[in-house]
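Peer 1: To start, I am sharing the structure in question, which I have written as C-alpha cells.
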C-alpha cells in the first residue's frame, strides 16, 4: 500500500491471491481474445472491469423490459429478466465468498448470463429455434437456409451480444475475459458442436467442465429461478400457500422455522417459507461443495494454487452443486412450480401471445425485408454483401429479395439477432405497428 492509502491494481492482485482459496481463479490469470494495454490509472481487477462493462451495456439495460415468467407490464412486482439477474448475482457472490472463490468473476458472469435472452422468456427462445430448424409451419425457410443457419439458444446468444453486438470500442464487442465468457455459456446446458455461429470460440473449453466460479453461477441461477417463481406465483394467486406448504422441501423449512411459523400471518409465512428455501439451498450447496473440493484436492495431493491450476479442469461439472438429498427436494419444487404456476392459464395465455408476436415479426421481416429499419439493411449490405434495398428501383426489390436475401442464411440469422435483442414492449410495439395499423400511430 502507498503512503496515501491507495490500493493499486497490483496491490489488489496480491491481496486477492492471499485471501482466496487455492481452487479459486486469480484475476491475474485472466485472458482476453484481444490483448488490451494495461492502463496505469485503472484501479480495477480484470473481472471487476468485466462486471463494469456488462453493467454499462445496452443489452443489460434492456433486461428490465424482458419477461421472466409473468409479463412485467401487468404489475410492478413480478420479476423481470433484470431483477432475476441481480438475484442470481447476489446468490453467486454469497456462494463464491463462502467457498473462497473469486467473487468478481462470479458476479461478472452472473450479470452477463442472460444478455442474449429473448423477449417473452423461454417461449421466445423456443420460437426462434423452431423457425431456424424449419419446425414452424407459419414461417417456412428454404431447405438450404435451414441446413446452414444453425440453431438458437440464449446462452450462446449472450456470447454474440458481448463478442459482437455491444459497440463501445473501436472493435465489435466488449472484449470480456475468457473466464467470464465461458461461465456465461455454461450457466445452463451446452453441447460440443452445437450448431450456433459464435463469433469467437477461443477460450470457451466446450468439452470441459466450467471453472468453479462458473458453477456457482449455474446453481445460483437455478436457486433464484425456482424460489422467485414460487414467490411470484404465490403473489399472483396461481397457487395457494397451503398447497406449497405440503411439499417435502417446504415441510423441511417449516420444521426448521420452529413452532412460531404456524402462528404467523399468511403473508409472513410466505416470506418465511421463501427465505427458508433460499437458505436451505444455499447452505447445502456451500457445505456439499466444500466437501467435494476437499476430497478432490486430497485425492490428488494438491496443497496450493500452483498445483491446482494445471488440474483445475479435472473437476466435475457438478462440483459446486446440491447434495443428492437436497437435489431431490429441489427437483420436487421445480416440478411443482412447472405444474402449478408455469403450466397454468395466465402464463400459457401470455406464452401463446408471445408465439404469435415473434412468429409474425419474423415472417414480416423475412417476407418483406424493406420493413426493417435502415441500419439493419445496411448491416445486411456490409456484412452479408447483399444489395442495399433502399438503393434499388422499386420494381427490382421483390426479385432481389427472392434471389439474394432468401438464399442467404446470414439474413435469417440477422433477423433472429434483431428479435432476440428486443424488449417485450418493443416487440409488442413493432407487432402492433405492422399487424394492427392505425391512423393515429407513427409508422
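The values are calculated or read from the model by the stated rules, or taken from the named source; none is laboratory data. This structure is a prediction, so every number in the text was calculated from the model and none was measured. Every residue, glycine as well, gets a Cβ built from its backbone with ideal geometry; the counts of neighbours run over all protein chains shown.
Peer 1: Would you call residue 250 modelled with pLDDT of 95 or more and either exposed (fewer than 13 other Cβ atoms within 10 Å of the Cβ) or within 21 Å of residue 334 (Cβ to Cβ) (or both)?
Peer 2: Working: modelled with pLDDT of 95 or more: yes; either exposed (fewer than 13 other Cβ atoms within 10 Å of the Cβ) or within 21 Å of residue 334 (Cβ to Cβ) (or both): yes.
For residue 250, the condition - modelled with pLDDT of 95 or more and either exposed (fewer than 13 other Cβ atoms within 10 Å of the Cβ) or within 21 Å of residue 334 (Cβ to Cβ) (or both) - is met.
Peer 1: Here's another thing I want to ask about it. Out of 313, 413, I need the residue that is touching a residue at least 24 places away in the same chain (Cβ under 8 Å), surrounded by 12 or more Cβ atoms within 10 Å (Cβ to Cβ), more than 20 Å from residue 126 (Cβ to Cβ) and under 24 Å from the mean Cα position of the chain (by Cα). Which one? Walk me through it before giving the result.
Peer 2: Working: 413 fails: more than 20 Å from residue 126 (Cβ to Cβ).
None of the other options fit; the residue is 313.
Peer 1: Still on this structure: Please determine whether any residue of region 273-294 is surrounded by 17 or more Cβ atoms within 10 Å (Cβ to Cβ) and free of Cβ contacts under 8 Å to residues at least 24 places away in the same chain.
Peer 2: Yes; the residues of region 273-294 include at least one that is surrounded by 17 or more Cβ atoms within 10 Å (Cβ to Cβ) and free of Cβ contacts under 8 Å to residues at least 24 places away in the same chain.
Peer 1: A further question follows. As an exercise: evaluate residue 278 against (1) at positive phi; (2) modelled with pLDDT of 95 or more and give the number of the one condition it does not meet.
Peer 2: The one condition residue 278 does not meet is (1).
Peer 1: Oh, and also: Pairs under 8 Å by beta carbon, first residue touching a residue at least 40 places away in the same chain (Cβ under 8 Å) and on the phi > 0 side of the Ramachandran plot in region 93-115, partner surrounded by fewer than 24 Cβ atoms within 10 Å (Cβ to Cβ) and assigned to a helix (DSSP H, G or I), six or more apart or different chains?
Peer 2: Note: pairs meeting the criteria are 100/19.
Peer 1: Which condition does residue 174 not pass, out of (1) at pLDDT 95 or above; (2) surrounded by fewer than 23 Cβ atoms within 10 Å (Cβ to Cβ), if it passes all the others?
Peer 2: Every condition holds for residue 174 apart from (2).
Peer 1: Can you tell me how many residues within region 383-395 are exposed (fewer than 15 other Cβ atoms within 10 Å of the Cβ), in contact with a helix residue (DSSP H, G or I) (Cβ under 6 Å, 6 or more places away or on another chain) and touching a residue at least 12 places away in the same chain (Cβ under 8 Å)?
Peer 2: Residues meeting the conditions: 0.
Peer 1: Would you check if residue 265 is at pLDDT 90 or above, farther than 23 Å from residue 345 by Cα and surrounded by fewer than 16 Cβ atoms within 10 Å (Cβ to Cβ)? Walk me through how you get there before you give the answer.
Peer 2: Numbers: at pLDDT 90 or above: no; farther than 23 Å from residue 345 by Cα: yes; surrounded by fewer than 16 Cβ atoms within 10 Å (Cβ to Cβ): yes.
Answer is no for this residue.
Peer 1: In region 15-41, what count of residues is obtained for those that are farther than 24 Å from residue 320 by Cβ, part of a loop (DSSP other than H, G, I, E, B) and either touching a strand residue (DSSP E or B) at 6+ places or on another chain (Cβ under 9 Å) or in contact (Cβ under 8 Å) with a residue 40 or more places away in the chain (or both)?
Peer 2: 3
Peer 1: Select, from 360, 364, 354, 380, the only residue that is in contact (Cβ under 8 Å) with a residue 24 or more places away in the chain and in contact with a strand residue (DSSP E or B) (Cβ under 9 Å, 6 or more places away or on another chain).
Peer 2: 354
Peer 1: May I pose another question? Could you list, ordered by first residue, the pairs with Cβ atoms under 9 Å in which the first is in region 234-246 and modelled with pLDDT of 90 or more and the second is outside any helix (DSSP H, G or I), at least 6 apart or interchain?
Peer 2: So the pair list comes out as 234/240; 239/344.
Peer 1: If only one of 38, 48 is modelled with pLDDT under 95, surrounded by fewer than 24 Cβ atoms within 10 Å (Cβ to Cβ) and either under 30 Å from residue 15 (Cα atoms) or over 12 Å from the mean Cα position of the chain (by Cα) (or both), which one is it?
Peer 2: Values: 48 fails: modelled with pLDDT under 95.
Exactly one residue qualifies, and that residue is 38.
Peer 1: Still on this structure: Evaluate the following for residue 307: is it surrounded by fewer than 18 Cβ atoms within 10 Å (Cβ to Cβ) and out of contact with any helix residue (DSSP H, G or I) (no Cβ under 9 Å at 6 or more places or on another chain)?
Peer 2: On the way: surrounded by fewer than 18 Cβ atoms within 10 Å (Cβ to Cβ): yes; out of contact with any helix residue (DSSP H, G or I) (no Cβ under 9 Å at 6 or more places or on another chain): no.
No, not satisfied.
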